[in-house]
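Laboratory data are not the source of any read-out in this text; all were calculated from the coordinates shown. Note that this is a predicted model, so its numbers are computed, not measured. Here the Cβ is made from the backbone with ideal geometry for all residues, glycine too, and neighbour counts use every protein chain on show.
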Amino acid sequence: MLRHDERIETAGSGNFLPRPFKILFLISALALFLCASANAGAAVPDAAARIQAAYRQIRDASGRFEQKSYLKDLGKTETFGGDFMLKLPSKMRYIYKTGSNDQVIIKGNMIMIYQKKENQIMKGRFDAGTYGTAPVAFLGGLGDIERDFRVTEKKGDLILRPKDPMSGITYIEVEPTKGPSSFPVKSFIIHDRYSNTVRITLRDVKLNRGMKDSAFEFTPPPGTSVFDYTH
């Protein structure tokens, strides 16, 4: 999923992280955004209000995900899949099993990316300076949909347009789950200014199983190279 030439350094931040994960982090943050939007009121479309109400009851979630990344310049779609775990308000873990064997762990404002093939770990800061103001606000439980996005509804889906620049993102589609389901969101689609898209679909989601913090700990195999860009 990642190549050595796909890293970027954010000017002035000291961060040095793989380019494809910029989109993944936004998706990860977005997966938590509605529970953090306590200040959103009647002006938010009905679909958002329904999802927000459901998210207020969520403490943790786990399941499977499928990621389809369309790269316009290459004219192709790459497909990945694996398992995810979320523990509110700020812990996440993605374990890729198809298309890649990478892992991503986010705890608060810290990110760790384990690349098994390259036998290396990259650690960095997950903060507003790196990925825009909205994602870190969502993860910290301080987000406000109406503050960070212009929210509209189209055929039952939410359309979120960032009010401030967000890593080239032009808008985000959120597809709510239709019909009875314990989890209120089915998928997200990220659109960027280059007409690339990334779609994440969630499946077999289980809620409030008492997830332990140890689920977000990772001990690398002996001999793994560690690149720490948190300082």
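Things to note:
- Selection count, segment 107-128, where residues are assigned to a loop (DSSP other than H, G, I, E, B) and small (Gly, Ala, Ser): 1
- Segment 149-218 holds strands (runs of 3 or more DSSP E) entirely within its bounds, and those carrying 2 or more residues that are under 23 Å from residue 81 (Cβ atoms) map to 169-176, 185-192, 197-207.
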